[in-house]
Structures are given as structure tokens and as C-alpha cells.
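The values are calculated or read from the model by the stated rules, or taken from the named source; none is laboratory data. Just so it is clear, the model here is predicted, and its values are computed rather than measured. Backbone-built Cβ (ideal geometry, glycine too); neighbour counts: all protein chains shown. Remember, those area values only see protein heavy atoms, side chains included, never the ligands or the DNA or RNA. Shrake-Rupley method; radii C 1.70, N 1.55, O 1.52, S 1.80 Å.
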Amino acid sequence: MEDISSYVQQHKERFIEELIELLKIPSVSADPAFSQDVLNTADAVKESLLKAGCDHAEICETPGYPIVYAEKTINPDLPTVLVYGHYDVQPPDPLDLWESGPFDPVIKKTAVHPEGAIFARGACDDKGQMYMHVKALEYMVRNHVLPCNVKFMIEGEEEVGSESLGWFIERNQEKLKNDVILISDTGMISNEQPSITTGLRGLSYVEVEVTGPNRDLHSGLYGGAVANPINILTKMIASLHDENNHITIPGFYDKVENISAEERAEMAKAPFSLEKYKNTLDIDDVYGEQGYTTNERNSIRPTLDVNGIWGGYTGEGAKTVIPSKAFAKISMRLVPDQEWTEITELFKKHFESIAPKGVKVLVKPHHGGQAYVTPIDNIGYQAASKAYNDTFGILPIPQRSGGSIPIISLFEKKLHSKTILMGFGLNTDAIHSPNEHFGLFNYLKGIETIPLFYKYFTTLYLAEQGA
Ligand code: BES
Ligand code: MN
Ligand code: MN
């Protein structure tokens with residue numbers, strides 16, 4: 001038997017090559033123009049799972065994009081790990097800000113990744129991180145060290161709200177039975193100080209439409225005499241935060257969990273440099289809710305942000321016009337114990353109530369989901385912690401993240417198991433942004449760390465059963 005680190009050393013060129021092939025397929029779930037590519041990616045993932053040693057792999061049709069399901073059962077008395085990931089990616093735009101094509105993967109060195117990083121849409125979120133699990137399985141199967149059963153559930157709609165996954169879970173609870181859910185779709189503090197994500201924020205995503213006059217108007221003939229929907233929309237949006245950057249929607253904070261001073265002090269121990277943070281973003285100061293630190297603002301506090309705003313004339317030159325309509329897309333990141341459907345309702349009610357006479361307001365809810373917190377006193381967390389400790393030579397820090405994987409709370413509700421977030425990305429990897437990348441160090445370290453999770457989890461599980 002070969003140990004995992006020498007196996008990775010021996011096969012790393014191939015591991016990188018295989019990931020590059022997967023990254024070349026533009027699996028953009030948001031844009032129907034890419035639908036054939038999304039389907040081709042599902043096939044490629046299925047094939048890779050069979051090749052890595054699964055007994056069985058299938059493409060499961062859903063009302064939307066298919067889910068790739070695969071499994072390897074070695075002994076029904078042993079525990080089962082369910083790996084979740086996604087093969088879809090975010091749209092690559094704005095294209096002109098990419099230094100190389102988003103689906104033309106290249107390896108380049110960066111200050112944070114001196115060993116090199118793969119640049120491509122999906123490199124880190126989530127094809128690269130998902131594929132670490134496929135290669136970790138390959139190692140365990142080929143070397144006969146897979147210590148337990150494993151199932152894979154890789155979806156193609158995570159970046160657009162995981163609608164079909166809810167449908168799939170509802171219908172396949174028995175098939176998906178497991179003892180722990182393992183996901184690599186988050187980040188860690190740095191390559192020197194790994195961390196395990198113990199919390200994710202929830203989400204409520206809405207679109208708003210403000211309508212003024214029934215047609216675009218000459219801004220000279222009508223300007224000043226009718227409500228301009230863009231003027232009104234921006235005013236309404238501005239009023240959603242007060243002078244301390246608290247959100248003004250009545251009831252918005254009612255269910256926000258109170259975090260004790262002790263817990264906040266514990267969180268503040270994680271290494272963080274505000275200077276570096278500002279430097280990498282080229283900003284002279286941070287901005288946010290009064291009374292909270294930067295790391296608190298982006299993890300344990302809820303937010304409201306405009307993600308896009310449009311209306312009127314935005315082409316070349318000038319056109320004098322008062323538009324008939326103005327639009328915005330707004331995301332609210334939520335924390336325990338806010339209910340996302342309730343927050344969507346509160347937003348709608350408030351937004352409609354602040355519209356002045358002379359305009360009509362329409363609030364269209366999109367998707368959403370609940371926040372999630374993993375306790376650290378369970379064997380899943382402990383197994384992950386031991387695994388990182390072995391490969392990084394330092395204990396990982398538990399840390400709550402600001403991102404969302406809204407489907408996780410449904411996993412807990414429907415499949416009754418805890419989710420462990422073993423992420424290997426870095427905040428600077430530019431996910432959802434031009435020039436997304438994933439460090440080669442991170443990719444290979446992930447492949448090395450995952451089999452150790454399986455080993456420790458199985459040992460701890462059997463000990464708990466025996467006790
Ligand atoms: N992988 C991300 C979530 C993430 C990234 C969590 C980094 C923590 C650290 C996921 O693919 C994602 O982008 N989620 C969306 C929500 C979804 C409903 C579109 C998000 O957080 O915006
Ligand atoms: Mn992701
Ligand atoms: Mn994403």
C-alpha cells in the first residue's frame with residue numbers, strides 16, 4: 001500500500017490535467033445558452049466517479065439539471081459518508097476583466113500561491129474542490145484503504161438556488177441515507193492556518209421593479225413633474241440602512257441570535273490583518289454596521305446589499321429620458337435564527353409601504369435558504385480537525401463564514417445528519433469574480449486530507465457505536 005502523500009506526488013500531473021479538462025466545459029447554470037455544456041459536465045463527472053472506483057454511478061433526471069449520484073458500498077455495517085458538491089459554475093462575465101479565457105484554464109503563480117494556481121471559472125467554486133473528492137476516492141479504492149461506504153451527490157444548480165436538489169432529496173431519502181455529509185465548497189483562513197467552516201449565512205434574494213409613467217418620457221417636457229422611477233428606487237434603497245448601517249426593515253433583527261461576549265472574544269482570536277484586507281481590495285477603509293468588527297460583519301451579522309441596478313439609458317453618449325421603469329436585485333444574508341421566507345415577507349411589506357404616490361412597486365422573491373451552524377463537539381468535526389492537523393501540521397480553527405449553501409439546512413431536516421465543511425479555497429481566489437483560481441497546493445492538499453477524514457471518522461464512529 002502506498003501512503004496518500006506519495007500517491008499524490010506520483011500522480012499530481014494527471015490530477016491537474018484531469019481537472020483542467022473538466023474546467024474547459026462551460027457549465028454555466030444561469031444561462032440557457034450553456035445547457036448542453038451543463039449536461040456534458042454531468043456526464044464527465046459520472047464517468048470520473050466510475051473510473052475512480054465507484055460500483056455504481058448514474059445521471060438522475062430532475063425537473064432541472066440532473067444530479068450525478070454514485071456509490072461504493074464495502075460493508076453495510078460500516079458508516080456511510082455522503083459527499084455533496086456542484087458541477088455548475090457562475091456566469092463568467094465581465095469577460096474583458098479576465099486575463100485568460102474563463103474556460104481556457106492556465107496555471108500561473110501568484111503572491112498567495114507561489115506554487116501556482118489554476119485560473120478558470122469553477123476552479124475553486126466548485127469543480128476543483130469537488131474533484132478533490134473524486135481523486136481521494138481513487139486513492140482509497142486503488143490502495144484498498146477505503147474504510148467505510150461512500151455516496152456522491154453532485155448537483156448542477158447550486159449557483160441558481162438548488163431547486164431540483166430539494167425535489168430530489170424529497171424523493172430519495174432512503175437512497176441518500178448517510179452518517180455524515182462532507183462538502184468542500186468553502187474556504188479556509190490561509191495555507192499556513194487552516195480553518196474549518198462551522199457556519200454559513202442564510203439568504204433571501206429578491207428583485208424589485210418600480211414603475212412610473214406608462215412610457216419613457218422626454219426629460220425636458222416631463223422632468224420635475226412626474227416621479228422618475230430611478231430617482232425613487234435609489235431613494236428607497238438608500239433608506240434601507242440608517243446612519244449606523246443598521247437595516248431599517250421593521251422586525252428584521254427580531255430573531256437574530258445573540259452571541260455572547262465570550263464567544264465573540266473567541267472568534268476574534270483568529271488571525272486577521274485589517275491592513276492586508278484593505279490593501280488587497282484597494283480600499284482606504286472598511287464600511288459596515290456600527291459596533292461590529294469586519295469579521296463579525298461578514299459572518300455573524302445579517303446584511304442587505306444591492307447586487308445589480310438598472311433602468312433608463314445606459315448606452316453611448318447621452319439620451320434625455322425619464323424611464324418608465326427601474327429595477328434592482330437585492331440579497332439579504334441571514335444568520336441563525338432568521339427565517340428566510342419570513343424575512344422575504346418583511347422586506348416585501350416594508351418596500352411596498354415606503355413607495356411614494358406616483359409609482360407602483362413590485363417585489364419578486366427569488367430563492368433563499370436558512371443559515372447553518374455545525375457544532376464542534378461531534379465526531380464529524382473532530383475527524384476533520386484531526387485530518388487537517390495531520391496534513392498541515394497545525395490544528396484548524398473553527399470559523400463561521402459569510403457565504404451560503406442554502407441547501408444544507410434541508411440536508412439536516414430531510415436526511416438527519418450533520419454537514420462538515422472541509423473547504424480548501426482562500427478568500428483571495430476570486431470566486432464569482434473574473435480570474436477565479438485555485439491553488440495547486442490547496443488542490444493537492446485537499447486530496448491528501450480527505451482520506452484521513454474517512455479514516456478518523458470511521459474510527460470515531462465505531463468507537464461511539466461500541467461505547
Ligand atoms: N461555494 C459557494 C458558497 C461559499 C463560498 C461559502 C465560500 C463559503 C465560502 C456557493 O457556490 C455559492 O456561491 N453560494 C451562493 C448562494 C447560492 C444560492 C447562489 C452564495 O453564497 O452567494
Ligand atoms: Mn460553491
Ligand atoms: Mn458559488
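Given the conditions (1) more than 19 Å from Ile247 (Cβ to Cβ); (2) assigned by TED's automatic domain parsing to the domain that holds Lys455; (3) touching a residue at least 24 places away in the same chain (Cβ under 8 Å), which single one is not true for Ser404?
Status for Ser404: all satisfied but (1).
Out of the residues in region 163-187 meeting the condition of being assigned to a helix (DSSP H, G or I) and either open to solvent by 60 Å² or more (accessible area, probe 1.4 Å) or free of Cβ contacts under 8 Å to residues at least 60 places away in the same chain (or both), tell me which one is nearest to ligand 3 (Cβ to nearest atom).
Glu163
Read through the list (1) away from ligand 1 (no atom under 16 Å from the Cβ); (2) assigned to a helix (DSSP H, G or I); (3) surrounded by 15 or more Cβ atoms within 10 Å (Cβ to Cβ), then give the number of the only condition that Ile249 fails.
The single condition Ile249 does not satisfy is (2).
Only residues that are open to solvent by less than 10 Å² (accessible area, probe 1.4 Å) and aromatic (Phe, Trp, Tyr): list them for region 128-144, please.
Hits for region 128-144: nothing passes.
Right, Ser35: modelled with pLDDT of 95 or more, of a type in the set (Gly, Ala, Ser), within 23 Å of Glu163 (Cβ to Cβ) and within 16 Å of ligand 2 (Cβ to nearest atom) or not? Talk me through it step by step, then tell me what you get.
Working: modelled with pLDDT of 95 or more: yes; of a type in the set (Gly, Ala, Ser): yes; within 23 Å of Glu163 (Cβ to Cβ): yes; within 16 Å of ligand 2 (Cβ to nearest atom): no.
The answer is no for Ser35.
What number of residues within region 30-66 satisfy the criterion of being without any contact (Cβ under 8 Å) to a residue 12 or more places away in the chain and either open to solvent by less than 20 Å² (accessible area, probe 1.4 Å) or hydrophobic (A, V, I, L, M, F, W, C) (or both)?
Here the count works out to 2.
Can you list the strands (runs of 3 or more DSSP E) found entirely within region 1-118 that contain at least 1 residues being within 22 Å of Gly423 (Cα to Cα)? Break it down into steps so the answer makes sense when it comes.
Details: elements: 56-60, 67-72, 80-86, 106-108.
Where strands (runs of 3 or more DSSP E) fall fully within region 1-118 and carry at least 1 residues being within 22 Å of Gly423 (Cα to Cα), they are 67-72, 80-86, 106-108.
Among the candidates Glu192, Glu155, which residue alone is acidic (Asp, Glu), touching a residue at least 60 places away in the same chain (Cβ under 8 Å) and either within 16 Å of ligand 2 (Cβ to nearest atom) or open to solvent by less than 10 Å² (accessible area, probe 1.4 Å) (or both)? Step through it out loud before you land on a result.
Working: Glu192 fails: either within 16 Å of ligand 2 (Cβ to nearest atom) or open to solvent by less than 10 Å² (accessible area, probe 1.4 Å) (or both).
Among Glu192, Glu155, only Glu155 is acidic (Asp, Glu), touching a residue at least 60 places away in the same chain (Cβ under 8 Å) and either within 16 Å of ligand 2 (Cβ to nearest atom) or open to solvent by less than 10 Å² (accessible area, probe 1.4 Å) (or both).
Would you mind listing the strands (runs of 3 or more DSSP E) fully within region 293-389 where at least 3 residues are at pLDDT below 95?
Numbers: elements: 303-311, 325-334, 360-369.
Passing ranges, in order: 360-369.
Rundown of residues vs (1) of a type in the set (Asp, Glu); (2) out of contact with any Lys or Arg (no Cβ under 8 Å at 6 or more places or on another chain); (3) within 26 Å of Thr197 (Cα to Cα), yes/no style:
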position	(1), (2), (3)
Ala238	no, yes, no
Asp242	yes, yes, no
Asn258	no, yes, yes
Met267	no, no, yes
Arg301	no, yes, yes
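Which one of Ser48, Ser100 is touching a strand residue (DSSP E or B) at 6+ places or on another chain (Cβ under 8 Å) and within 26 Å of Glu436 (Cβ to Cβ)? Don't jump to the end; show me each part of the working.
Values: Ser48 fails: touching a strand residue (DSSP E or B) at 6+ places or on another chain (Cβ under 8 Å).
So the residue among Ser48, Ser100 that is touching a strand residue (DSSP E or B) at 6+ places or on another chain (Cβ under 8 Å) and within 26 Å of Glu436 (Cβ to Cβ) is Ser100.
Confirm whether Phe441 is closer than 30 Å to Ile118 by Cβ, at pLDDT 95 or above and either of a type in the set (Phe, Trp, Tyr) or assigned by TED's automatic domain parsing to the domain that holds Lys235 (or both). Please lay out each step first, then the result.
Values: closer than 30 Å to Ile118 by Cβ: yes; at pLDDT 95 or above: yes; either of a type in the set (Phe, Trp, Tyr) or assigned by TED's automatic domain parsing to the domain that holds Lys235 (or both): yes.
Yes.
Mind telling me which of the residues Met130, Met153 ends up being within 16 Å of ligand 1 (Cβ to nearest atom) and not in a strand (DSSP E or B)? Talk me through it step by step, then tell me what you get.
Numbers: Met153 fails: not in a strand (DSSP E or B).
From the options Met130, Met153, the qualifying one is Met130.
Please go through region 81-101 and give me each residue that is out of contact with any helix residue (DSSP H, G or I) (no Cβ under 7 Å at 6 or more places or on another chain), open to solvent by less than 20 Å² (accessible area, probe 1.4 Å) and more than 16 Å from ligand 2 (Cβ to nearest atom), ordered by number. Don't jump to the end; show me each part of the working.
The initial filter retains those residues of region 81-101 that are out of contact with any helix residue (DSSP H, G or I) (no Cβ under 7 Å at 6 or more places or on another chain), namely 82, 84, 91-101.
Those left that are additionally open to solvent by less than 20 Å² (accessible area, probe 1.4 Å): 82, 84, 92.
Of everything in region 81-101, just one residue is out of contact with any helix residue (DSSP H, G or I) (no Cβ under 7 Å at 6 or more places or on another chain), open to solvent by less than 20 Å² (accessible area, probe 1.4 Å) and more than 16 Å from ligand 2 (Cβ to nearest atom), namely Leu82.
So how many residues does region 68-102 have that are more than 16 Å from ligand 3 (Cβ to nearest atom) and either outside the structural domain of Asp429 (by TED's automatic domain parsing) or over 30 Å from Leu462 (Cβ atoms) (or both)?
Initially, region 68-102 is screened for residues more than 16 Å from ligand 3 (Cβ to nearest atom), giving 68-83, 94-101.
From the residues that got through so far, the ones that are either outside the structural domain of Asp429 (by TED's automatic domain parsing) or over 30 Å from Leu462 (Cβ atoms) (or both) too are 94-101.
Of the residues in region 68-102, 8 are more than 16 Å from ligand 3 (Cβ to nearest atom) and either outside the structural domain of Asp429 (by TED's automatic domain parsing) or over 30 Å from Leu462 (Cβ atoms) (or both).
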